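Following: one structure in structure tokens, then a few remarks.
Bear in mind that the values in this text are calculations on the coordinates, not laboratory data. In this text, all values refer to a predicted model and were calculated from it rather than measured experimentally. Because the Cβ atoms are built from the backbone with ideal geometry, glycine has one as well, and the counts that use them run over all protein chains shown.
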Amino acid sequence: MGEGLIFIAKIILAVVISPVVYSCALNFYDHLDVYPTSLIEFFRWGVFGFVLVFLFVYPFRYLYQFGQNVMTGIFKFLTPLDRAVARVVPFFTVVILASFYIAGKFFDITAYVHYFMFFAGFSMAMHILLLAQELQGEEASFIKSSYFLRMSVYFVLSVCMTVLLLDLAVWKWTFLKFFSAMFEDARDIYMLMVRRIL
């Protein structure tokens, strides 16, 4: 009885949070346009590139797991939240964008900018897709209530973290604009749902 109620509660929460997930994904794609076009096109190609490689060539599970282990080790002082933080913060995206920022301060990296952005998008997509696989594998039930809820939360937080990382890399503060647009779109969906129900 208790497990059944928890299962139903997780499904309801996943449905309730779904407008936020939708708004987050939609606004993230649109929000990328605030960054220099010469940079962000390669970021998008990196995302697309990972999806193709993941589907047809190699899944990169060992590389993803290495990143998770490093992040868990770094945030070990936050136990038992260390694993959750590792799932929110995309390790390789952090490394790539931090390297881009630091290298740009000391060297002329104009000829290499597209590599940084491509692999930033590549690593961000790797983090999201392999995290989804990992969470699915942790739940044996056919209807994965915990997966839907946890993945929704991790997805939103990971996207927010990526926007912050891009802001830091290009030294342009846009996170509040992204968050505001995401909040407004999610609110509009909730209001529409309430009007339909009532």
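Whether any residue in segment 161-184 is surrounded by fewer than 18 Cβ atoms within 10 Å (Cβ to Cβ), assigned to a helix (DSSP H, G or I) and of a type in the set (Asp, Glu) is what I want to check.
So far as segment 161-184 goes, yes, one or more of its residues are surrounded by fewer than 18 Cβ atoms within 10 Å (Cβ to Cβ), assigned to a helix (DSSP H, G or I) and of a type in the set (Asp, Glu).
Being exposed (fewer than 15 other Cβ atoms within 10 Å of the Cβ) and in a loop (DSSP other than H, G, I, E, B) is the filter here; which residues of segment 119-144 pass it?
The answer is 138, 139, 140, 141, 142, 143.
Tell me which residues, restricted to segment 152-189, are of a type outside the set (A, V, I, L, M, F, W, C) and touching a helix residue (DSSP H, G or I) at 6+ places or on another chain (Cβ under 6 Å). Break it down into steps so the answer makes sense when it comes.
Pass one, segment 152-189, residues of a type outside the set (A, V, I, L, M, F, W, C): 152, 154, 158, 162, 167, 172, 174, 177, 180, 184-185, 187-188.
152, 154, 158, 162, 167, 174, 185 - these are the residues of segment 152-189 that are of a type outside the set (A, V, I, L, M, F, W, C) and touching a helix residue (DSSP H, G or I) at 6+ places or on another chain (Cβ under 6 Å).
Looking at segment 75-118, which of its residues are assigned to a loop (DSSP other than H, G, I, E, B), surrounded by 12 or more Cβ atoms within 10 Å (Cβ to Cβ) and not aliphatic (A, V, I, L, M)? Give the derivation first.
Pass one, segment 75-118, residues assigned to a loop (DSSP other than H, G, I, E, B): 75, 79-81, 89-90, 107-109.
Cutting the leftovers down to surrounded by 12 or more Cβ atoms within 10 Å (Cβ to Cβ) gives us 75, 89-90, 109.
Correct list: 75, 90.
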